[in-house]
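Below: the structure, in structure tokens.
Coordinate-derived values only; no laboratory data. Just so it is clear, the model here is predicted, and its values are computed rather than measured. Cβ: placed from backbone, ideal geometry, glycine included. Neighbour counts: every protein chain shown.
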Amino acid sequence: MTEPATSSNRPPTFRREQALLLEVHNLSKRFGGLQAVKDLTFTVGEGEIVALIGPNGAGKTTAFALISGFLAPDSGTVRFAGRDLRGLKPHEINALGLARTFQIMRPFPRLTVVRNVMIATLGRHRDTREAERRARAVLDEIGLGAKAELPAGVLTLAERKRLELARALGTEPRLLLLDEVMSGLTDAETERIVELVRALNRRGIAILLIEHVMRAVMSLAQRIVVLNYGERIAEGRPEAVANDPRVIEAYLGDEEVTRAPA
Ligand SMILES: Nc1ncnc2c1ncn2[C@@H]1O[C@H](COP(=O)(O)OP(=O)(O)O)[C@@H](O)[C@H]1O
Ligand SMILES: [Mg+2]
């Protein structure tokens, strides 16, 4: 099913040893006079963990919205598992195995935690019992099993972040897009999410994460893509990117990041 990349459509980051799962090519999006994403090209390999970082307003969340079909690009292409996503609706893209979390979380507060996750699992399993069984399995995996019967509205911030993750996981993704799932958490809570992401990746899920918590990015990501004013200004292994003068310059004055522990 997967069409092989040919030399003409192959993005510059192609690496022979790893099959490409996500291929973002020359993606652009403008909001009125603001170029939010400009000619963005990068890839995520099968089973890889890639971090998308950059100062506030750099276009990271917009890139996620373009990839997941919530926004249509002005130009450029997104391919997932060899398939062009152009014109597909978010739920159609999700059904192909691409799931995202939202920076602005939106659980249904009056529904129980398990019901919230069942909204996701019902997309894969029509049978309600099976959907519930899957939802509980996901909650156990992410450590929210004991909260399954509580209304989502009573969860703490850290628990809501994990519920957001559970809802994405409930759709059984091959690629998970995480938008700041660690922001606002304590160090201990952050560490739990890092471990969780690592465990998900070990069972084969590729991860693309937007994250301001640099400690987490540095320990998780195999590769980092840096955005500034909508453009990719650097890409590479974590150590190289963290020492790149263009990256350091882009972050100067970004309070949220410069305050974060190294
Ligand atoms: N729907 C929108 N309409 C207009 N401007 C937007 C919209 N979404 C984002 N923007 C603007 O686009 C830029 C990039 O935003 P965003 O992708 O949220 O950045 P990031 O996630 O990197 O902080 C910001 O200047 C933001 O104000
Ligand atoms: Mg954002």
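A compact table of results
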{"item": "The stretch 61-89 residues that are β-branched (Val, Ile, Thr), paired with ones that are surrounded by fewer than 18 Cβ atoms within 10 Å (Cβ to Cβ) and in a loop (DSSP other than H, G, I, E, B) (beta carbon under 6 Å, 6 or more apart)", "result": "THR61/GLN103"}
{"item": "Enumeration of residues in the stretch 113-168 that are β-branched (Val, Ile, Thr) and surrounded by fewer than 17 Cβ atoms within 10 Å (Cβ to Cβ)", "result": "ILE119, THR128, VAL154, THR156"}
{"item": "Failed criterion for ALA146 (all others in (1) over 22 Å from the mean Cα position of the chain (by Cα); (2) without any contact (Cβ under 8 Å) to a residue 24 or more places away in the chain; (3) more than 22 Å from ALA188 (Cα to Cα) hold)", "result": "(3)"}
{"item": "Output for the stretch 90-138, where each listed residue is under 24 Å from LEU21 (Cβ atoms) and without any contact (Cβ under 8 Å) to a residue 12 or more places away in the chain", "result": "HIS125, ALA137"}
{"item": "Close pairs from the stretch 190-217: first within 16 Å of ligand 1 (Cβ to nearest atom), partner assigned to a loop (DSSP other than H, G, I, E, B) and not aliphatic (A, V, I, L, M), Cβ under 6 Å, at least 6 apart", "result": "ILE210/GLU180; HIS212/SER183; VAL217/GLU211"}
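Quick grid of which residues meet (1) surrounded by fewer than 18 Cβ atoms within 10 Å (Cβ to Cβ); (2) within 13 Å of ligand 1 (Cβ to nearest atom):
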site	(1), (2)
PHE64	no, yes
SER75	yes, no
ILE93	no, no
ALA99	no, no
ARG110	yes, no
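This table checks each residue for (1) under 18 Å from the mean Cα position of the chain (by Cα); (2) of a type in the set (S, T, N, Q).
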{"site": "PHE31", "(1), (2)": "no, no"}
{"site": "GLY45", "(1), (2)": "yes, no"}
{"site": "GLU48", "(1), (2)": "yes, no"}
{"site": "GLY54", "(1), (2)": "yes, no"}
{"site": "PHE64", "(1), (2)": "yes, no"}
{"site": "SER75", "(1), (2)": "no, yes"}
{"site": "LYS89", "(1), (2)": "yes, no"}
